[in-house]
Amino acid sequence: MRKIIAAGNWKMNGSREMTQTLLSELKTGLQAGTNADVLVFPAFGYLQQAVELVKGSVIQVGAQNLSTAEKGAFTGEMSGAMLKDLGCTHVLVGHSERRAMNHETSEVVAEKFAMAQKTGLVPVLCVGETLSEREAGNTKVVVAAQLQAVLDHCGVDSLADSVLAYEPVWAIGTGKTATPEQAQEVHAFLRNTLSALDAKIADSLRILYGGSVKGANASALFAMQDVDGGLVGGASLDSGQFLEICAAA
Ligand code: PEP
């Protein structure tokens, strides 16, 4: 039985005040308990504040990115060791916004995945196709290639200490959610691909769905056999919505 993960990617949103308010509302809302592992991914500048605020709660804090390098002359970058030092437990790698806007190739993503694990962070590897790739019938080819880059660089065993997130690019921030059946089809494909390499790892790996998850659609998505939670953007900035998503677990 895989435990559901409710993960909130705050992207480049927030302030000290918002971090304080949102996390205190989430802490209060989760006080009675939850069936989910709850993660939040604030921007770099608020990580330390978030780590302090979640102490004594079930909420864990992750970062949205890390450098491929260990340390040195990389102006504006953050290393995995720094994130770990701040108290982060997880880090996103390969989010489609970084693949598209920061030109991160699947090979760079694989290097970040390796660096996350080397520094003791759990990587949340994001894969997903664009609308034109889906319309051309290439969804599985695209996500398989994105996954393969990590398998080539790190090996299948590395997936044991990671989380996978299927995020169709056409569903991110658009209000267009994949149907539970569309999500299930890709999640099952990803799990089966890994199963051919290591059935045990494939069976225990948690695969999140991301793309306009909200309180109203989380239950139907999480009810699918291979959907093990959600990576949530917009709705994670609203404590009521995010708590509803946690409750769907
Ligand atoms: C995301 O950024 O990972 C995401 C899924 O965003 P949204 O929920 O806003 O579509």
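Between Ser67 and residues 5 or more places away or on another chain, which pairs have amide H atoms under 5 Å apart, with H built 1.01 Å from N, and which residues are they?
Met78, Ser79, Gly80
Which value at 222 nm does the chain reach when only helices count, each DSSP H run of 4 or more adding -39,500 (n - 2.57), with the total divided by all residues and rounded to the nearest 500 deg cm²/dmol?
The helix contribution divided over the chain gives -12500 deg cm²/dmol.
Would you kindly work out the equivalent ellipsoid of the stretch 36-139 from its C-alpha gyration tensor and give its semi-axes, the square roots of five times the eigenvalues, largest first in whole Å? Before the final figure, lay out each step's value.
Numbers: eigenvalues 132, 62, 25 Å².
Here the semi-axes work out to 26, 18, 11 Å.
Work out which trypsin sites (Lys or Arg not before Pro) in the chain are exposed loop sites (DSSP not H, G, I, E or B, at most 16 other Cβ within 10 Å) and give the longest gap free of them. Please report the intermediate quantities before stating the final value.
Details: sites that count: Arg2, Lys3, Lys55, Lys71, Lys176.
The segment 72-175 is the longest one with no such site.
Over the Cα atoms, compute the radius of gyration (one decimal) and Dmax (the largest Cα-Cα distance, rounded to a whole number) for the stretch 1-55, in Å.
Every Cα atom of the stretch 1-55 included, Rg and Dmax give 11.7, 38 Å.
How many percent of the alpha carbon pairs in the stretch 137-249 exceed a separation of 17 Å?
Numbers: 3342 of 6328 pairs.
Beyond 17 Å sits 53 percent of the P(r) for the stretch 137-249.
Would you mind working out the magnitude of the charge dipole of the stretch 5-247 relative to its Cα centre, with +1 at each Lys and Arg C-beta and -1 at each Asp and Glu C-beta, to the nearest 20 Debye? Please report the intermediate quantities before stating the final value.
Values: 17 positive and 26 negative charges, 74 e Å.
For the stretch 5-247, the charge dipole is close to 360 debye.
Mind checking the dipole of the stretch 1-105: about its Cα centre, +1 per Lys or Arg Cβ, -1 per Asp or Glu Cβ, Debye to the nearest 20? Can you show the working numbers first?
On the way: 10 positive and 9 negative charges, 44 e Å.
The dipole of the stretch 1-105 has a size of about 200 debye.
Can you list, largest first and rounded to whole Å, the semi-axes you get for the stretch 75-192 by taking the square root of 5 times each eigenvalue of its Cα gyration tensor? Walk me through the numbers on the way to the answer.
Numbers: eigenvalues 127, 50, 35 Å².
So the three semi-axes of the stretch 75-192 are 25, 16, 13 Å.
Run the Debye formula on the Cα coordinates of the stretch 5-247, all scatterers equal and no solvent, and tell me log10 I(q)/I(0) at q = 0.10, 0.11, 0.16, 0.18 1/Å.
Debye output, listed in q order: -0.43, -0.52, -1.17, -1.48.
Quote the FRET efficiency, to the nearest 0.05, computed for Gln225 versus Ala145 with a Förster distance R0 of 25 Å and r equal to the Cβ-Cβ distance. Intermediate values should be presented prior to the final figure.
On the way: r = 24 Å, r/R0 = 0.97.
Calculated transfer efficiency: 0.55.
Pop out the ³J(HN,Hα) list for the stretch 168-178 in order, Karplus 6.51 cos²θ - 1.76 cosθ + 1.60 with θ = phi - 60°, rounded to Hz; leave Gly and Pro as x.
x, 4, 5, 9, 7, x, 9, x, 9, 8, 4
Can you give me the long-range amide H partners of Val91? Hydrogens built in the peptide plane at 1.01 Å from N, cutoff under 5 Å, separation of 5 or more residues or another chain.
Sorted by chain and number, the residues that satisfy this are Ala63, Val122, Val124.
Under a Cβ-only charge scheme (Lys and Arg +1, Asp and Glu -1), can you give me the dipole magnitude of the stretch 174-243 about the Cα centre, in debye to the nearest 20? Please list the in-between numbers first.
Working: 5 positive and 7 negative charges, 25 e Å.
In debye, rounded to 20, the stretch 174-243 gives about 120.
Amide H of Val232 versus every other amide H placed in the peptide plane: which residues, excluding those fewer than 5 positions away on the same chain, fall under 5 Å?
Correct list: Ala7, Gly8, Asn9.
Need one number: nm distance between label points at Glu77 and Ser15, each 7 Å from Cα along Cα→Cβ, rounded to one decimal.
3.3
Per-residue HN-Hα couplings for the stretch 48-62, Karplus 6.51 cos²θ - 1.76 cosθ + 1.60 at θ = phi - 60°, whole Hz, x for Gly and Pro?
The phi angles translate into 5, 4, 5, 4, 4, 5, 7, 3, x, 10, 7, 6, 10, 10, x Hz.
For a quick check of understanding: with a 1.4 angstrom probe and all protein chains in place, what accessible area in square angstrom does Met115 have, to the nearest ten?
20
Among the listed pairs Lys3/Lys27; Lys27/Lys71; Lys11/Lys140; Lys55/Lys112, give every one whose C-alpha distance is greater than 30 Å. Could the numbers behind the result be given before it?
Details: Lys3/Lys27 19 Å; Lys27/Lys71 34 Å; Lys11/Lys140 27 Å; Lys55/Lys112 27 Å.
Table pairs above 30 Å Cα-Cα are Lys27/Lys71.
The values are calculated or read from the model by the stated rules, or taken from the named source; none is laboratory data. Since the structure is predicted, the reported quantities are computational estimates derived from the model, not experimental observations. Virtual Cβ from ideal backbone geometry, glycine too; neighbours counted across all protein chains shown. Accessible surface is based on the protein model in full, side chains and every heavy atom, while ligands, DNA and RNA are left aside. Shrake-Rupley method; radii C 1.70, N 1.55, O 1.52, S 1.80 Å.
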